[in-house]
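Asker: Have a look at this one.
Every number in this text was worked out from the coordinates using simple rules, so none of it is lab data. Because the structure is a prediction, the values reported are computed rather than measured. All Cβ positions, even for glycine, are placed from backbone atoms using ideal geometry, and neighbour counts span all protein chains on display.
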Amino acid sequence: MPWLKTELKGRGYDVWVPELPGNETPNRQIYNDFLFSKGWDFANNLVVGHSSGAVAVMNLLQDERCPPIKTAVLVSVWANTAKANLNHGGLTRERFKDLFPQDGLNLGMIKSKANHLLFIHSDNDPYCPLEQAEWLAKQTSSQIIVVSGGDHLNYKAGFSELPQLTKTLDKNGWL
């Protein structure tokens with residue numbers, strides 16, 4: 001989301017947009033080790049992830065090395081691989097087998113590590129069912145924004161910006 005980086009830098013924020021290693025086959029342990037090895041201070045910050053990157057944010061929050069953060073924004077997230085449509089568009093479930101913890105997400109810990117969680121999801125995402133994002137939002141007592149006709153909310157779907165994200169963060173005082 002290059003537009004978000006530009007927006008936040010324009011507001012005086014330090015912004016880090018890491019290229020997660022091996023992102024073709026997401027692995028929660030490799031991601032977390034990489035993120036914590038770079039010296040970025042996650043404490044009291046805004047952390048944003050899209051798709052498998054949104055799941056990576058939840059995994060980050062579950063890691064004992066992660067301090068409490070201010071806000072996590074989870075765009076086009078899903079709750080588990082078994083119920084996602086990951087055999088669509090050339091993807092395979094096997095590709096995502098190391099993204100989720102074996103015993104599932106610890107939603108209590110995720111909620112306790114972020115002052116605020118914000119979910120943004122499309123009503124017609126071909127990969128990640130809206131029902132999963134709605135379930136995650138409900139389980140964590142969090143706000144969800146549903147974008148009509150947004151597909152996977154990425155550049156390929158025609159979304160180079162998500163003004164709903166910054167408007168909501170501003171409105172709630174989370175920036």
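Asker: For SER112 and THR25, calculate 0.36 nm times their separation in residues minus their Cα-Cα distance, and state this gained length in nm to one decimal.
Answerer: Working: separation 87, 0.36 × 87 = 31.32 nm, distance 2.80 nm.
Net length gain for the segment: 28.5 nm.
Asker: Of HIS121, SER160, TRP174, which is farthest towards the positive pole of the chain's charge dipole, taken about the Cα centre with +1 and -1 on the beta-carbons of Lys, Arg and Asp, Glu respectively?
Answerer: TRP174
Asker: Can I ask one more? With the cut-off at 24 Å, tell me which of the pairs LYS83/LYS113; LYS5/LYS171; LYS38/LYS138; LYS113/LYS138 have Cα atoms farther apart than that.
Answerer: On the way: LYS83/LYS113 26 Å; LYS5/LYS171 19 Å; LYS38/LYS138 33 Å; LYS113/LYS138 17 Å.
Where the Cα-Cα span goes over 24 Å, the pairs concerned are LYS83/LYS113; LYS38/LYS138.
Asker: Please list 82-89, 142-149, 10-17, 44-51 highest first by mean number of surrounding beta-carbon atoms within 10 Å per residue.
Answerer: Working: 82-89: 13.6, 142-149: 15.2, 10-17: 10.2, 44-51: 19.6.
Output ranking for 82-89, 142-149, 10-17, 44-51: 44-51, 142-149, 82-89, 10-17.
Asker: Report the far tail of the P(r) of the chain, meaning the percent of Cα-Cα pairs longer than 30 Å.
Answerer: 10
Asker: Under unit Cβ charges (Lys, Arg +1; Asp, Glu -1), what dipole magnitude, rounded to 20 debye, does the chain have relative to its Cα centre? Present the calculation step by step, with values, prior to reporting the outcome.
Answerer: On the way: 17 positive and 18 negative charges, 52 e Å.
Dipole of the chain, to the nearest 20 debye: 240 debye.
Asker: Round to the nearest 0.05 the FRET efficiency obtained for ASP170 and LYS97 when R0 = 35 Å and r is the Cβ-Cβ distance.
Answerer: Numbers: r = 38 Å, r/R0 = 1.09.
About 0.35, to the nearest 0.05.
Asker: With the Cα gyration tensor of the range 71-136 giving a ≥ b ≥ c as the square roots of its eigenvalues, does the rule (a/c under 1.5 for rounded; else a/b larger than b/c for prolate; else oblate) give rounded, prolate or oblate? Each step should come with its number before you reach the end.
Answerer: Details: a/c = 2.47, a/b = 1.38, b/c = 1.78.
Note, shape of the range 71-136 comes out oblate.
Asker: Also: Between the range 78-92 and the range 131-175, what is the C-alpha centre distance in whole Å?
Answerer: Centre-to-centre distance over Cα atoms comes out at 20 Å.
Asker: Would you kindly state how much longer the chain becomes between ASN87 and TRP3 on full extension, computed as 0.36 nm times their sequence separation minus their alpha carbon distance, in nm to one decimal? Working shown, then result.
Answerer: Working: separation 84, 0.36 × 84 = 30.24 nm, distance 2.95 nm.
That works out to 27.3 nm of additional length.
Asker: With a cap of 16 neighbouring Cβ atoms within 10 Å, and only residues DSSP puts in a loop, list the chymotrypsin sites (Phe, Trp or Tyr not before Pro) found in the range 37-117.
Answerer: In loop regions of the range 37-117 (DSSP not H, G, I, E or B), the sparsely surrounded chymotrypsin sites (Phe, Trp or Tyr not before Pro) are TRP40.
Asker: Still on this structure, please answer the following. Going by a ≥ b ≥ c, the root eigenvalues of the Cα gyration tensor, does the range 35-84 fall in the rounded group (a/c under 1.5), the prolate group (a/b larger than b/c) or the oblate group? Don't jump to the answer; show the numbers that get you there.
Answerer: On the way: a/c = 2.31, a/b = 1.83, b/c = 1.26.
Verdict is prolate for the range 35-84.
Asker: Treat the count of other C-beta atoms within 10 Å as a stand-in for reagent exposure and order HIS152, HIS121, HIS116 from fewest to most.
Answerer: Details: HIS152 21, HIS121 28, HIS116 17.
In order of increasing Cβ crowding within 10 Å: HIS116, HIS152, HIS121.
Asker: While we're looking at this one, here's another question. SER141 label point, 7 Å along Cα→Cβ, cut-off 12 Å on backbone N: hits in the range 48-73?
Answerer: Zone members listed by number: none at all.
Asker: In the range 1-48, with Lys and Arg counted as +1 and Asp and Glu as -1 at Cβ, which of these residues, TRP16, PRO26, LEU4, has the Cα nearest the positive end of the dipole, that is, farthest along it?
Answerer: Farthest along the dipole direction, towards plus: LEU4.
Asker: Among SER112, SER76, which comes first, second and so on when ranked by fewest other beta-carbon atoms within 10 Å? Working shown, then result.
Answerer: Working: SER112 12, SER76 28.
Ranked by crowding around the Cβ, least crowded first: SER112, SER76.
Asker: Could you tell me what a quarter of the Cα convex hull surface of the range 1-99 works out to, in nm² with one decimal place?
Answerer: It is 6.6 nm².
Asker: What ranking do ASP170, ASP103, ASP151, ASP125 get, fewest neighbouring Cβ atoms within 10 angstrom at the top?
Answerer: Values: ASP170 11, ASP103 6, ASP151 17, ASP125 25.
So the ranking, lowest neighbour count to highest, is ASP103, ASP170, ASP151, ASP125.
Asker: Between ASN80 and ASP33, what is the label-point separation in nm under the 7 Å Cα-to-beta-carbon projection?
Answerer: 2.7
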